[in-house]
Amino acid sequence: MYAYRKMSPEQREYVVRLRKVRRYPWHGPPHLGRETAYRIVTGACYEHKCLLNTPARLAWFQEELLDGIHNAGIGCAAWSVLPNHYHLLVLLRDVNSFARLLGQVHGRTSRRMNQEDGSPGRKVWYRCQDRFMRSERHFCTTRNYIHHNPVKHGWVDKWQEWPFSSIHWYFEHKGRDWMLNMWREYPLKDYGVKWDVFSGRDGGSGG
């Protein structure tokens, strides 16, 4: 299992530096037109197994995922990668094309993890699901949800302790006061309840 809590301050500093992956979030308000809109996309490991189980593997998968998004010219307003699932807040014109892109990322990463773990043919990824952002409030609450996710699942106590998310860009470029105001203005309440039941769009199961 991922042991961030047990890492030394030097190790934590190292993995936090790894989150700087040559690109930064798009953080503008959502497009509410029909052609292009922000969506939260969630992908999960098969049976919720924690296959992204080391800091190195988390950093590598984050890089693979964001590289795919960046190379496709897709805007990403927020992300969080956890040991058994991930969330993205992305600006999409064609959801089906994006599902194919994720299928490629899932296939490529599952092959490597199965090779490393000596588990040929193991099913790594299950499904991905997406939800359309209906308003600026929905967008901002979703961004809070994504950044809060590592705390929700008990991996860390504070947002900024989790290296594998866009939270560090926001703290660096927007500041702590701005983040606190966003949290007060857009509280989660029951937002995201039962989202851990993955039954949505198949994004490619890979190996």
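The values are calculated or read from the model by the stated rules, or taken from the named source; none is laboratory data. Quick caveat: nothing in here was measured; it's all calculated off a predicted structure. A quick note on method: Cβ atoms are made from the backbone with ideal geometry, for glycine too, and the neighbour counts reach across all protein chains shown.
Assorted remarks:
- His106 vs. criteria touching a residue at least 40 places away in the same chain (Cβ under 8 Å) and in contact with a strand residue (DSSP E or B) (Cβ under 7 Å, 6 or more places away or on another chain): yes
- Flag for Trp162 being closer than 22 Å to Trp60 by Cα, out of contact with any helix residue (DSSP H, G or I) (no Cβ under 9 Å at 6 or more places or on another chain) and either surrounded by 15 or more Cβ atoms within 10 Å (Cβ to Cβ) or among the β-branched types (Val, Ile, Thr) (or both): no
- Residues of segment 114-142 satisfying the condition of being assigned to a helix (DSSP H, G or I) and either over 20 Å from Ile69 (Cα atoms) or in contact with a Ser or Thr (Cβ under 6 Å, 6 or more places away or on another chain) (or both): Asn114, Gln115, Glu116, Asp117, Glu136, Arg137, His138, Cys140, Thr141
- Annotation note: of Leu51, Leu58, the sole residue that is part of a loop (DSSP other than H, G, I, E, B), buried (at least 17 other Cβ atoms within 10 Å of the Cβ) and in contact with a Pro (Cβ under 8 Å, 6 or more places away or on another chain) is Leu51.
- Residue match in segment 81-97 (condition: more than 22 Å from Gly154 (Cα to Cα) and among the aromatic types (Phe, Trp, Tyr)): no
- In segment 123-167, residue nearest to Val105 (Cα to Cα) [restricted to those that are among the aliphatic types (A, V, I, L, M) and in contact with a His (Cβ under 6 Å, 6 or more places away or on another chain)]: Ile146
- Test: residue in segment 3-23 that is modelled with pLDDT of 60 or more, outside any helix (DSSP H, G or I) and over 21 Å from His153 (Cβ atoms): yes
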